[in-house]
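In what follows, a structure is listed as structure tokens, so that the remarks can point back to it.
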Amino acid sequence: MGNKIQNIAQQLDDAAFRAKATHQIAATFQINLDDAYAIQKISLNRRYERGEVSTGYKMGFTSRAKMEQMGVHNIIWGRLTNKMEIANGNTLQRADFIHPRVEPEIAFKIKKTIDKTIAFDAVHDYIAAIAPALEIIDSRYENFKFSLEDVVADNCSSAAYVLGDWLAFDTNIQNLNIEMRINENTVQTGNSNAILGNPLESLVEASKMMEKYQEVIPEGAIVLAGAATPAVYINEGDQIKAIFEGLGELGFEVM
Ligand code: OOG
Ligand code: MG
């Protein structure tokens, strides 16, 4: 099993590095969720060996919209690195991705180490700042199709992210309208409460995951709460913009 896990981690990291789709794991080899998180960790170690630095975590399938779009109904978590960050207003290189999609999210900057479950009432003690965000996901699997174990092993499709301006830790993020535009056309609309009824709940879920998997979100790290709407494919030449009621706007272009 050990060897197999190493090989799958390499297969997925190579697919990401070369921007070339690979076949699903679960179709040919039985892995459980613990194996999938082990694969995720090993594949990220390969990125760290290439010089990438961890910047935080992302939560996935925290909204019904996303669960239904992808057919996976469990909350998942993945890892972010500095190489994935695209400055607001900058450019994403289409050639570095397989079949990228974009989705609107909310980001937390962490104020205090999270390594065990935090109570909802204490959540603000752990937040230094809040920002509107866009996540670019790019499944390494052919046709963007996967099982729960597949997507976790593939670092939950993490590929890139864009952050808007940071706002005060206590900025209201509940019940805010969100609109995503591509080339001035509205492609998705949603509400921040689509994320677990309140995006702050996503940080509580993240804390439970940290306790369960013995991981640590350090001070200064970023946590993405999960998308509020289904994701949309992006293409060369696209201008992507997201408008968050009360939080501001952000965007990027695809070249
Ligand atoms: C998996 C990642 C899910 C989210 O925000 O729900 C995710 C995928 O949809 O490919 O990032
Ligand atoms: Mg996401």
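The values are calculated or read from the model by the stated rules, or taken from the named source; none is laboratory data. Note that the structure is a prediction, hence the values are computed from the model and not measured. When we count neighbours, we look across all protein chains shown, and the Cβ atoms used for this are built from the backbone with ideal geometry, even at glycine. In case anyone asks, the SASA skips ligands and DNA or RNA and just uses the protein heavy atoms, side chains included. Shrake-Rupley method; radii C 1.70, N 1.55, O 1.52, S 1.80 Å.
Somewhere in the stretch 164-174, is a residue buried (at least 18 other Cβ atoms within 10 Å of the Cβ) and either under 30 Å from Asp13 (Cα atoms) or among the basic types (Lys, Arg) (or both)? Looking for residues that are buried (at least 18 other Cβ atoms within 10 Å of the Cβ) and either under 30 Å from Asp13 (Cα atoms) or among the basic types (Lys, Arg) (or both), one finds at least one in the stretch 164-174, hence yes. Scanning the stretch 224-239 for residues that are within 16 Å of ligand 2 (Cβ to nearest atom), surrounded by fewer than 22 Cβ atoms within 10 Å (Cβ to Cβ) and in a strand (DSSP E or B) returns Val232, Tyr233.
Of all residues in the stretch 131-148, those satisfying the criterion of being open to solvent by less than 50 Å² (accessible area, probe 1.4 Å) and closer than 20 Å to Ser43 by Cβ are Glu135, Ile136, Ile137, Asp138, Ser139, Arg140, Tyr141, Phe144, Phe146, Ser147, Leu148. Scan the stretch 191-220 for residues that are open to solvent by 20 Å² or more (accessible area, probe 1.4 Å) and in a strand (DSSP E or B) and jot them down. Matches in the stretch 191-220: Asn191 only. Looking only at residues in the stretch 60-76 that are buried (at least 20 other Cβ atoms within 10 Å of the Cβ) and over 18 Å from Gly190 (Cβ atoms), the one that is nearest to ligand 2 (Cβ to nearest atom) is Ile76. Number of residues in the stretch 93-130 that are surrounded by fewer than 23 Cβ atoms within 10 Å (Cβ to Cβ) and part of a strand (DSSP E or B) equals 6. Whether a residue is at pLDDT 95 or above, not hydroxyl-bearing (Ser, Thr, Tyr) and not in a loop (DSSP other than H, G, I, E, B) was assessed, and Asn3 does not pass this test. Please go through the stretch 120-136 and pick out each residue that is hydrophobic (A, V, I, L, M, F, W, C), touching a Leu at 6+ places or on another chain (Cβ under 9 Å) and touching a residue at least 60 places away in the same chain (Cβ under 8 Å). Across the stretch 120-136, the qualifying residues are Phe120, Val123, Ile127, Ile130, Ala131, Ala133, Leu134, Ile136. Would the stretch 26-44 turn up any residue that is within 16 Å of ligand 1 (Cβ to nearest atom) and modelled with pLDDT under 95? Yes: one or more hits. Of the listed requirements (1) buried (at least 17 other Cβ atoms within 10 Å of the Cβ); (2) of a type outside the set (D, E, K, R); (3) farther than 22 Å from Leu247 by Cβ; (4) within 16 Å of ligand 2 (Cβ to nearest atom), Ala153 misses just one: (4).
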